[in-house]
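Participant: My questions will all concern the structure given below.
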C-alpha cells in the first residue's frame, strides 16, 4: 500500500468557514488522538458532525485491552479493567515517539515499558495469559483503526485520508511515529495539524474575532499543555508562538491528589498502596486514581471534597476531606509550570499581558477534532500546487527536533452559493473566548498569585 503524508507546519492558516454544501466525494475527516480520550469529526449534509465512536458516546477513552485475540479499545476496556487490568494499556501518547530514557514511567501502569535493540517496547498480557510485546505505534494504531472503522460505518464509505492532530510540543520523531501508527491503521493519506491550531480554527469558524486581535489559546488536555498566540489579520490566523509541555496535563493533577491520599491512607489507616505492587494493590491504586479524577472535578466548583476510605478498604467507614486551597497548594509546582509556559510565550514576542485581546480556553472535547475536519476540508478543496507555491522561513521548533519546512497556504477557498446549513444540533457548546477584562480578573490574577 502506497502511503503519502504531510507533516509540514504552517505559520499562517486561513479562517475556514464550515462547509455549506455536502460533497460525498470529499469526505473530510479530522482525528484527535488524545492521551485520555479520542474524538473524530466528519462533514455531512448538515455541517461538521462529531461522530459517536464509542457506542452512543462521541469521546472514546484511550484505553486498549489485549485480553482477547482482537484488541479492543474504549469504554468496554474501562468496564473490564477490574478483571483484565494486566492486559490494559493507556497513556500511550506519553510514550509514542520518545526514546526510552525520556519516558517518565508511571508506577500506576499495569504494563511494562523497556528498550529492545534501541526501540521502545511495551509488554502486556494477551489472550490466554501470554506475554506480548508491542510498539507504541502498534498500540496507537488500534485507536486510529477503531476511529476509522466507526467513521466508515457512519459515512457509508471507505476512509483513506485524514488530518490527525498532535500536541504543539511534539518533536519530529513523535510526529513520524504518529504517522506510522496511522499507516498501520490503513490510512493512506495523512496530514498532521498541531492541536492548538485545530482549536483556533474551530473557534474562528463559529464566532467573529475582530481584525488585528491577538489571541492566546490555552489547552490543558489530559496529558499535555499547549499554549499558542495568534494574530487575526485579513481572515487568516498568523501563528506568532506555539509551545507546550508534553509532561503536563490533567493526568498530573490526578497524580498529585493520588499521592496525597496514598500518604494519608498509609499513615492514618495503615493501608499501604505504595510498596509491593502486586495485582491487588495496582487495582486499588487505579481505583484511587479514578476517584481522584472525580474529586478534582468536584473541587472546581466546591470548596471541599472527600475520599470515602471504604471505597479502598471496606473495613473503614470514614472520609478523608481535602479543601480546594489545600489542593492548590499541592499543585503549586504544576501551576508554576503553566505560568512559565504562558509567560514564556508572551515574553518571547516582547508582549505584555495587556497586549492579549482574547483568551481561548479549549473546551469542549470535540473542539480539536472539529478544527481538524475543517482543515481536511480546506486541503481537499485547495490545489496542492497552490499550497506549495509560497514557502516561508522555517518556524521555531522544539530544540530536540529537526527543523520542519513551513509552507504558507493560499487564501481560503470560496464557498459555492448554496443555502446555509446549520452546525450539527448536538454541537451546541462552543469553545470559550474571554475578553481582556476576563484576562485581568483571571489570567493576571493567576500569574501574579502563583
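Read-outs throughout are calculated quantities, based only on the coordinates presented, and are distinct from any laboratory measurement. Note that the coordinates shown come from a computational prediction; the quantities given were computed from them, not determined experimentally. A quick note on method: Cβ atoms are made from the backbone with ideal geometry, for glycine too, and the neighbour counts reach across all protein chains shown.
Participant: Determine the relative contact order of the range 160-281: mean sequence separation of Cα pairs under 8 Å and six or more apart, normalised by residue count, in whole percent.
Facilitator: Computed over the range 160-281, the figure is 20 percent.
Participant: Considering only C-alpha atoms, what is the centroid distance from the range 125-168 to the range 57-77, in Å?
Facilitator: Value for the Cα centre distance between the two parts: 10 Å.
Participant: Using Cβ contacts closer than 10 Å as the measure, can you line up 264, 70, 40 from fewest to most?
Facilitator: 70, 264, 40
Participant: Something else: I want to check the label-to-label distance for residue 158 and residue 344. Put each point 7 Å from Cα in the C-beta direction and report it in nm to one decimal.
Facilitator: 4.4
Participant: Report the residues of the range 127-151 in range of a label on residue 105: point 7 Å along Cα→C-beta, backbone N strictly under 20 Å from it.
Facilitator: The answer is 131-137.
Participant: Taking 0.36 nm per intervening residue step and subtracting the Cα-Cα distance, what contour gain separates residue 68 from residue 310 on full extension?
Facilitator: Here the answer is 83.9 nm.
Participant: Give the relative contact order (percent, whole number) for the range 60-139; include only Cα pairs under 8 Å separated by 6+ residues.
Facilitator: 28
Participant: Which FRET efficiency, nearest 0.05, do residue 82 and residue 323 yield, Cβ-Cβ r, R0 25 Å?
Facilitator: 0.20
Participant: Between the alpha-carbon centers of the range 100-124 and the range 269-293, tell me the distance in whole angstrom.
Facilitator: A separation of 21 Å, based on Cα centres.
Participant: Moving to a separate point now. Using R₀ = 35 Å, calculate the FRET efficiency as 1/(1 + (r/R₀)^6) where r is the Cβ-Cβ separation of residue 351 and residue 26; round to 0.05.
Facilitator: Here the calculated transfer efficiency is 0.35.
Participant: Shifting gears a bit: Please give the length that would be gained between residue 115 and residue 363 if that part of the chain were fully extended, namely 0.36 nm times their separation in residues minus their C-alpha to C-alpha distance (nm, one decimal).
Facilitator: Net length gain for the segment: 85.6 nm.
Participant: Tell me, how many Å apart are the Cα centres for the range 208-251 and for the range 331-361?
Facilitator: So the two Cα centres are separated by 11 Å.
Participant: Which of 73, 78 has the fewest other C-beta atoms within 10 Å, and how do the rest follow up to the most?
Facilitator: In order of increasing Cβ crowding within 10 Å: 78, 73.
Participant: Could you put 25, 214 in order, starting from the residue whose Cβ has the fewest other Cβ atoms within 10 Å?
Facilitator: 25, 214
Participant: Another question, then. Rounded, prolate or oblate, given the Cα gyration tensor of the range 215-266, with a/c below 1.5 counting as rounded?
Facilitator: prolate
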